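Heads up: the structure comes next, in structure tokens.
Every number here is computed from the coordinates shown, using simple stated rules; none is lab data. Because the structure is predicted, anything quoted here is derived from the model rather than measured. Note that each Cβ is placed from the backbone with ideal geometry, even for glycine, and that neighbours are counted across all protein chains shown.
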Amino acid sequence: GAPLTVDVRWQSHYAVQRVELIWNGQVVETLQIPQGATVGALTAEVPARSDGWLAARLSSQVRDSFYQPLFAHTSPVYITTGIQAPEVADAARFFDQAIDGALNWVQQRGKFRNAQQRQEVLALFKEGQAVYQTLRSV
């Protein structure tokens with residue numbers, strides 16, 4: 001698909017030193033502002049070759065009253081192209097394997113009122129796992 005032109009604009013009480021544009025979990029554009037800026041913009045071209053999500057993240061060297069660095073992160077904007085992102089299969093593989101570990105824990109160590117309750121929990125995990133197994137093969 002054609003690249004997307006993305007505009008990120010901010011206005012902050014505190015100086016922002018770093019702006020990142022994120023596509024499907026990967027930083028695809030970074031703007032460093034060593035002196036910091038309370039107002040600014042970042043425009044970037046993002047290749048949208050598949051379905052995905054886009055977000056912006058800002059960070060500052062300024063710290064709050066708990067001495068934590070200040071930052072901001074937008075909610076994702078979802079882009080649909082009709083082509084599944086390659087990250088989907090990787091994520092599905094990860095969760096499929098994680099559920100295998102959870103199933104093992106439920107079978108070996110989980111404490112339940114009775115065997116029926118254990119089976120109900122196992123069935124829920126397996127139902128979720130089936131979704132990820134389908135996504136792995138798409």
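A dipole drawn for the chain from +1 and -1 charges on Cβ atoms has a positive end, and of Q11, A41, Q68 the residue lying farthest that way is Q68. Amide H contacts under 5 Å for R18: I33, S59, restricted to partners 5 or more places along the chain or on a different chain, H placed in the peptide plane at 1.01 Å from N.
Only Cα pairs within less than 10 Å get springs; with that Gaussian network setup on the chain, which residue of Q35, Q61, Q97 has the largest fluctuation? Greatest mean-square fluctuation among the candidates belongs to Q35. Computed from Cα positions, the angle between helix 115-136 and the longest principal axis of the chain comes to roughly 50 degrees.
In this Cβ point-charge picture (+1 for Lys and Arg, -1 for Asp and Glu), the chain has a dipole of about 540 debye about its Cα centre. For the stretch 86-136, the dipole from Cβ point charges (+1 on Lys and Arg, -1 on Asp and Glu) about the Cα centre works out to 340 debye, to the nearest 20.
So what's the projected area for the chain, the Cα convex hull averaged over all directions, in nm²? Could the numbers behind the result be given before it?
Details: hull surface 48.8 nm².
Here the figure is 12.2 nm², rounded to one decimal.
Residues whose amide H comes within less than 5 Å of that of I79, counting only those at least five positions distant or on another chain, are G52, W53, L54 (H built at 1.01 Å from N in the peptide plane). Taking the alpha carbon gyration tensor of the stretch 86-136, multiplying each eigenvalue by 5 and rooting it gives semi-axes of 25, 10, 5 Å, largest first.
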